[in-house]
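A.B. asks: Provided herewith is a single structure, encoded as structure tokens, for subsequent inquiry.
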Amino acid sequence: NEGCLGGGGIDGEVNRRGGDTLQAARFALPVLESGRRCLTGDAKITVAGDLPCSKVIHAVGPMFGCDSSVADFADDLELLEGAYKNAMERARENELKSVGFWFCILSAGIFRGGCPLKVVIRKGLETIAKNTYLGLETVVFCGFTSQEQAELPDIAASLA
């Protein structure tokens, strides 16, 4: 969500569970244009508020088009790569030892459009792997839906 104020779904739930401190931190992010605080493909970091972590990284993945050809998703996949890369960069800048993509895989739900789930997951895992850094001990990449959970093992194994 480019506004970073918590919408529906996972983003809204993170915002609610983070409480007033997280909401205030999100609201304090500079407004770039038209109410946007984080453009698609970018990531910002704030305190976590009441969540059981020190920071929250707000990464904005793309809303994929509805075409069925993977080639048609090149621009969206580039934005998705940027969102993961920038999330990892915020983690590195803040010397985080652990990063969790706990709640959902970026752009894997309703924003995936016609892009195959395997392609979205692979792009996320590849980008995270390319952007690890000295001092990073743990990255958790969590499949939220049963479909994501079914795809993850084969994709992860193919990247090893």
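A.B. asks: Only one of these conditions is not met by MET88: (1) out of contact with any strand residue (DSSP E or B) (no Cβ under 9 Å at 6 or more places or on another chain); (2) closer than 16 Å to ILE128 by Cβ; (3) in a helix (DSSP H, G or I); (4) open to solvent by less than 40 Å² (accessible area, probe 1.4 Å). Which number is it?
C.D. replies: Result: MET88 passes all but (1).
A.B. asks: Looking at PHE111, is it within 19 Å of GLU13 (Cα to Cα), in contact (Cβ under 8 Å) with a residue 24 or more places away in the chain and touching a Phe, Trp or Tyr at 6+ places or on another chain (Cβ under 6 Å)? Please lay out each step first, then the result.
C.D. replies: Numbers: within 19 Å of GLU13 (Cα to Cα): yes; in contact (Cβ under 8 Å) with a residue 24 or more places away in the chain: yes; touching a Phe, Trp or Tyr at 6+ places or on another chain (Cβ under 6 Å): no.
No; evaluated as a whole, the condition is false for this residue.
For every residue, the table says whether it meets (1) at pLDDT 95 or above; (2) assigned to a strand (DSSP E or B); (3) surrounded by 17 or more Cβ atoms within 10 Å (Cβ to Cβ).
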| site | (1), (2), (3) |
| --- | --- |
| VAL14 | no, no, yes |
| ARG17 | no, no, no |
| CYS38 | no, no, yes |
| GLY41 | yes, no, yes |
| MET63 | no, no, no |
| ASP72 | no, no, no |
| ASP75 | no, no, no |
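A.B. asks: Could you check the stretch 137-155 and list, in sequence order, the residues that are open to solvent by less than 80 Å² (accessible area, probe 1.4 Å), modelled with pLDDT of 90 or more, touching a strand residue (DSSP E or B) at 6+ places or on another chain (Cβ under 8 Å) and not β-branched (Val, Ile, Thr)?
C.D. replies: Once the filter is applied, which keeps residues that are open to solvent by less than 80 Å² (accessible area, probe 1.4 Å), modelled with pLDDT of 90 or more, touching a strand residue (DSSP E or B) at 6+ places or on another chain (Cβ under 8 Å) and not β-branched (Val, Ile, Thr), the stretch 137-155 yields only LEU152.
A.B. asks: Turning to a different aspect of this structure: Quick check, is PRO30 closer than 26 Å to GLN149 by Cα and either of a type in the set (Phe, Trp, Tyr) or outside any strand (DSSP E or B) (or both)?
C.D. replies: Working: closer than 26 Å to GLN149 by Cα: no; either of a type in the set (Phe, Trp, Tyr) or outside any strand (DSSP E or B) (or both): yes.
Considered against the rule, which asks whether it is closer than 26 Å to GLN149 by Cα and either of a type in the set (Phe, Trp, Tyr) or outside any strand (DSSP E or B) (or both), PRO30 comes out as no.
A.B. asks: Give me a count of the residues in the stretch 1-49 that are of a type in the set (A, V, I, L, M, F, W, C) and more than 23 Å from GLY109 (Cβ to Cβ).
C.D. replies: Our first condition is that a residue be of a type in the set (A, V, I, L, M, F, W, C); within the stretch 1-49, this holds for 4-5, 10, 14, 22, 24-25, 27-29, 31-32, 38-39, 43, 45, 47-48.
In the following step, the residues that additionally are more than 23 Å from GLY109 (Cβ to Cβ) were identified as 24-25, 27-29, 31-32, 47.
So the count comes out to 8.
A.B. asks: If you check LEU51 against the conditions, is it without any contact (Cβ under 8 Å) to a residue 40 or more places away in the chain and touching a strand residue (DSSP E or B) at 6+ places or on another chain (Cβ under 8 Å)? Before the answer, list the steps.
C.D. replies: Working: without any contact (Cβ under 8 Å) to a residue 40 or more places away in the chain: yes; touching a strand residue (DSSP E or B) at 6+ places or on another chain (Cβ under 8 Å): no.
No.
So that you can scan it fast, the table gives a plain yes or no per residue for (1) farther than 29 Å from PRO116 by Cα; (2) under 14 Å from the mean Cα position of the chain (by Cα); (3) of a type in the set (Val, Ile, Thr):
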| site | (1), (2), (3) |
| --- | --- |
| GLY3 | no, no, no |
| GLY7 | no, no, no |
| ILE10 | no, yes, yes |
| ARG17 | yes, no, no |
| GLY41 | no, yes, no |
| ASP50 | yes, no, no |
| ALA59 | no, yes, no |
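A.B. asks: For ALA28, state whether it is under 21 Å from GLY124 (Cβ atoms) and not β-branched (Val, Ile, Thr). First the steps, then the outcome.
C.D. replies: On the way: under 21 Å from GLY124 (Cβ atoms): no; not β-branched (Val, Ile, Thr): yes.
It is false that ALA28 is under 21 Å from GLY124 (Cβ atoms) and not β-branched (Val, Ile, Thr).
A.B. asks: Same structure, new question: Residues of the stretch 93-131 being modelled with pLDDT of 90 or more, part of a loop (DSSP other than H, G, I, E, B) and either of a type in the set (Asp, Glu) or more than 15 Å from the chain's Cα centre (by Cα) (or both), which ones?
C.D. replies: ASN94, GLU95, LEU96, LYS97, CYS115, PRO116, listed by residue number.
The values are calculated or read from the model by the stated rules, or taken from the named source; none is laboratory data. Here the structure is a predicted model, which is why all the values come from computation and not from measurement. Glycine gets a Cβ as well: all are built from the backbone with ideal geometry, and neighbour counts include every protein chain shown. Note: areas computed on protein heavy atoms with side chains; ligands, DNA, RNA excluded. Shrake-Rupley method; radii C 1.70, N 1.55, O 1.52, S 1.80 Å.
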